[in-house]
Amino acid sequence: MQHTVSTQTLIKASISAVVVAAIALVTFILPAEYNIDPTGIGNKLGLTALAQAAEVETTSLETTKGTDEFQTIEVIVPAERGIEYKFYMKQHEKMTYEWLTDGASLYFDLHGEPEGDTTGYFESYSIATINEMKGSYTTPFAGSHGWYWKNKSDKPVSIQLLVKGQYEVIGLKK
């Protein structure tokens, strides 16, 4: 049995696909990526929290290079989500850091990804579940270096990150 599809059926299917895509855009993509929620559904589903995580406040411009003074960066990790905050550093550059949450412990992975690598390779420097940490590290290779934090709680967690050293802020990695 051979089925043939009429032009009218193709047009109906195409229009249906466009309508479904528009609904997905307005209800899911805009709230999650851009914090634009014309229907209010994104807020009810918790999708706007994803976009709000991208609204990072810093005490200086994101393109500023690290200095001898600590730069303070506020990061919000949405409930039941994970985010990455990164810095570009050349090989053998050093960063001193301290971070602390507003109380809740977070799973984290402090790691680096080599510049130009396309394999997905990364090297972890420290992994734990805690609510604060101090330290320093010297990068073994040029690339992006920083933290992945995962919030397993049902409430957003605020992180105060203090950094100084030799770096350029990349910011939230999407």
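The values are calculated or read from the model by the stated rules, or taken from the named source; none is laboratory data. Values in this document were obtained by computation on a predicted structure and should not be read as measured data. Here the Cβ positions follow ideal geometry from the backbone for every residue, glycine too, while neighbour counts run over all protein chains shown. Heads up: the accessible areas ignore ligands, DNA and RNA and are worked out on the full protein's heavy atoms, side chains in. Shrake-Rupley method; radii C 1.70, N 1.55, O 1.52, S 1.80 Å.
Of all residues in the range 77-92, how many are surrounded by 18 or more Cβ atoms within 10 Å (Cβ to Cβ) and assigned to a loop (DSSP other than H, G, I, E, B)? Result for the range 77-92: 1. Scanning the range 107-123 for residues that are open to solvent by 50 Å² or more (accessible area, probe 1.4 Å) and more than 17 Å from the chain's Cα centre (by Cα) gives Glu115, Gly116, Asp117, Thr118, Thr119, Tyr121, Glu123. With a requirement of 3 or more residues that are under 13 Å from Val75 (Cα atoms) and modelled with pLDDT of 95 or more, the strands (runs of 3 or more DSSP E) lying completely within the range 122-174 that satisfy it span 143-150, 157-165.
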